[in-house]
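Right, one structure below, let's go through it.
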Amino acid sequence: GAGVSQSPSNKVTEKGKDVELRCDPISGHTALYWYRQRLGQGLEFLIYFQGNSAPDKSGLPSDRFSAERTGESVSTLTIQRTQQEDSAVYLCASSPNRGGVNIQYFGAGTRLSVL
Amino acid sequence: SQQGEEDPQALSIQEGENATMNCSYKTSINNLQWYRQNSGRGLVHLILIRSNEREKHSGRLRVTLDTSKKSSSLLITASRAADTASYFCATDDAGNTPLVFGKGTRLSVIA
């Protein structure tokens, strides 16, 4: 079946503008994660959705960042008043989270460049 | 914060040689996983080892886990140019919690 899909694949924006990134998870996956990856670095956890539970927002770096997910479907990550430091690849992953095993399936990411 | 720390940061080998990457972590874990990331792509799951396992094999991959030393190693045997990628370890302390990733090892396999 289809994998995790993210759009856009690339986004160039001006400092101060808002951006919205989209993630379509694999159908039936109850968990959805957003990560940020700066150039040459590892993944930085941002936010986690599990079914209809309240999301774990503990990784969001500031109140300019927010995310939504309706049920077990599409999620959007919004960055308001973008700063140059927000430039990174934003990766989304989904997981069926079965049997206490959290194997994650990643999209190709959105490369955000803030000028 | 990142829990897993891979070592070395970068590794360059000839095709056919074996590649070994190490990962250290700080807290108790439930599972440890290894992922591969090709340039400009998302991560792909390679192998998972549970905290009560010591070694696991999958094709040319061999993973070991030493919970007393809080470390794991990934061995890729008979490397190929297509193995060129970044490799990350990731840990979780329970089934439904976010994974904590290390900074990765960049592997270059030269044909």
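The values are calculated or read from the model by the stated rules, or taken from the named source; none is laboratory data. Bear in mind that the values here come from a model prediction, so they are computed numbers and not experimental data. FYI the Cβ positions are ideal-geometry reconstructions off the backbone, even for glycines, and counts take in every protein chain you see.
Numbers at a glance
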| quantity | calculated |
| --- | --- |
| Any chance B:LYS103 is loosely packed, with under 15 Cβ neighbours inside 10 Å, touching a residue at least 24 places away in the same chain (Cβ under 8 Å) and either more than 14 Å from the chain's Cα centre (by Cα) or closer than 25 Å to A:VAL89 by Cβ (or both) | no |
| Qualifying residue in region B:58-66 (condition: in contact with a Phe, Trp or Tyr (Cβ under 6 Å, 6 or more places away or on another chain) and among the basic types (Lys, Arg)) | no |
| Options B:ALA78, B:ALA90, B:ALA10: the member that is modelled with pLDDT of 90 or more, within 14 Å of another protein chain (Cβ to nearest Cβ) and touching a Lys or Arg at 6+ places or on another chain (Cβ under 7 Å) | B:ALA10 |
| Inter-residue pairs, beta-carbon under 8 Å, first more than 10 Å from every other protein chain (Cβ to nearest Cβ) and farther than 14 Å from A:GLN37 by Cβ and in region B:31-54, second among the polar types (S, T, N, Q) and part of a loop (DSSP other than H, G, I, E, B), 6+ apart | B:LEU32/B:SER51; B:SER51/B:SER28; B:SER51/B:ASN30; B:SER51/B:THR67 |
| The one condition in (1) under 23 Å from B:SER28 (Cα atoms); (2) without any contact (Cβ under 8 Å) to a residue 40 or more places away in the chain that B:SER58 fails to fulfil | (1) |
| Residue within region B:1-21 that is under 12 Å from B:VAL100 (Cα atoms) and out of contact with any Ser or Thr (no Cβ under 8 Å at 6 or more places or on another chain) present | yes |
| Meets criteria (in contact with a Leu (Cβ under 7 Å, 6 or more places away or on another chain), closer than 13 Å to B:THR20 by Cβ and more than 10 Å from chain A (Cβ to nearest Cβ)) for B:LEU65 | no |
| Given (1) under 13 Å from the mean Cα position of the chain (by Cα); (2) within 25 Å of A:GLY109 (Cβ to Cβ), index of the condition B:THR84 fails | (1) |
| Qualifying positions in region A:1-29 - β-branched (Val, Ile, Thr) and under 15 Å from the mean Cα position of the chain (by Cα) | A:VAL4, A:VAL19, A:ILE26 |
